[in-house]
Amino acid sequence: MQNNNTTASAFRFTIDLRRAGFAAGASQAIVEALVRLEAPPAPAGAHLREPLTLALVIDRSGSMAGASLHEAKQCARTIVQSLADGDRAAVIAFDDEVDVMCPVVGTDHRGRLIAAIDAIDSAGSTDLHSGWLEGARVLGRSIVGRGVYRVVLLSDGAANRGETDLETIAASCRDLAKQGISTSTYGLGHQFNEDLMLAMAKAGRGNAYYGQTAQDLAEPFHNELALLSSLCARGMVLKVNAPRGVQVALRNDYEPAESGAHAWKLPDLAFGAEAWAYLKLVVPNVYLSESEVHLPLSVSVKAAGVGSTPLFFMATLPALSRMSRETLMTTPPDPLVESRRDELAAGETLELVRGLIAHARWDAAAAAVEKAQRRFASNPWCKGILDTMERMVARRDRFGGKEAAYACANLRRRLAAADEFRLAPDAADIPAFLRRKTEQGRGRRP
């Protein structure tokens, strides 16, 4: 294990190997490594954090009429009431037209924000891209110094007016994220396009949530605000510097970075949490001539800390030992690395199950879930997620496709709680936004 804290001593940056060896006589070595950046605990009492500027973008199309819009507006009011001094917000409503109900104002104008939310009425179709884009533009015009700028988008439908192409919309989110404006999405009901909402959040360096009713989204709204209020490192980019001939693959579903090959964007990091990446390395025989190999491979992370203070971390790959194939295969894997490996593999299973549900291949979906339940029986969280899928598949619930999509994204892109491996999934001292839920949408089902 390597640790380099010379530039940010409060953090802990490590690389752990699944097995620290390679088989003698093999033409190549497969090395699996878990990279973790662990943030310090939140400071006691009040602590300095980046001010928040949020654009609350609310779908008011006809399908939102009634209880859905009423509850969505209540969620937005809750966010406004929860903002701290120094935070700001704006309110945007959209259907096939877009209205800025309230421009960016501070918390000394909460009444104005609440009145703007109350004034939203339902009508029209869904020009989702234009609504989101106006929220981003409003934020762009309000950027002053440091802070977190995020569009919070809520919609119950698919984009059916204006720009509707997923890749084009995701590219817009990606471009705005480079300018410091991130995006989180909230899908509501049965008709929203989960592929689009997940892609926007991924490209926009935010988070994605969903629920069957707007009331289901009350907790995710609280979690989002708590997460934004706890960030201690943003804009994180992980880079692997590998010697010639060594193949590097990332098993997480992170956005590639533009800084070159073998570089990816990690999620923003909160106090008391860790960001992680699972690497698979293929090392050719030319590097395996010694009984103990110190491969010249390093992993680094660049980020901006509180107050935009530059952070830099670097670690080198631990030594690899030559051993017989039998010894290698019977050496127990590192438990934490194995657990994260399970998560990623379970995510791949959910992706398969989602495709089967989409084609109404219920028997095949049930068989895939049953097989995965046996495989991940020793991993309580993965098993719990698969148990949820088993129930949904058993009752032929097409909403299971959405559940599978969001669970897959969570398994492959999540922040973890520091020391999570030694804690119960619902431990009281784990912040709600870091808890491992077995059901992502919290939908009310008969």
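The values are calculated or read from the model by the stated rules, or taken from the named source; none is laboratory data. Here the structure is a predicted model, which means the values were calculated and not measured. Heads up, the Cβs are rebuilt from the backbone with ideal geometry, glycines too, and the neighbour counts pull from every protein chain shown.
For the reader, a short list of remarks on this structure follows.
- In summary, strands (runs of 3 or more DSSP E) completely within segment 218-284 and bearing 2 or more residues that are closer than 20 Å to ALA304 by Cα occur at 231-241, 263-265, 273-284.
- Residue in segment 212-234 that is surrounded by 19 or more Cβ atoms within 10 Å (Cβ to Cβ), among the polar types (S, T, N, Q) and closer than 16 Å to ALA136 by Cβ present: no
- Boolean, LEU139 is under 20 Å from GLY204 (Cα atoms), in contact with a Phe, Trp or Tyr (Cβ under 7 Å, 6 or more places away or on another chain) and part of a helix (DSSP H, G or I): yes
- Only one of the listed residues (VAL91, VAL105, VAL138, VAL151) is in contact with a Ser or Thr (Cβ under 9 Å, 6 or more places away or on another chain) and of a type in the set (Val, Ile, Thr). That residue is VAL151.
- On the stretch given as segment 9-53, residues that are over 24 Å from the mean Cα position of the chain (by Cα), surrounded by 21 or more Cβ atoms within 10 Å (Cβ to Cβ) and modelled with pLDDT under 90 total 0.
- Single residue of LEU154, LEU113 found to be surrounded by 23 or more Cβ atoms within 10 Å (Cβ to Cβ) and out of contact with any Phe, Trp or Tyr (no Cβ under 9 Å at 6 or more places or on another chain): LEU113
- Scope segment 323-363; condition touching a Phe, Trp or Tyr at 6+ places or on another chain (Cβ under 6 Å) and not hydrophobic (A, V, I, L, M, F, W, C); matching residues: ARG340, ASP342
- Scope segment 359-389; condition of a type in the set (Phe, Trp, Tyr) and in a loop (DSSP other than H, G, I, E, B); matching residues: PHE376
- Among the residues listed as ARG205, ARG112, the single one being outside the structural domain of GLY305 (by TED's automatic domain parsing), part of a helix (DSSP H, G or I) and among the basic types (Lys, Arg): ARG112
- Check on SER182, touching a strand residue (DSSP E or B) at 6+ places or on another chain (Cβ under 8 Å) and of a type outside the set (Phe, Trp, Tyr): yes
- The residue that is modelled with the lowest pLDDT, counting only those in segment 80-109 that are touching a helix residue (DSSP H, G or I) at 6+ places or on another chain (Cβ under 6 Å) and part of a helix (DSSP H, G or I), is SER82.
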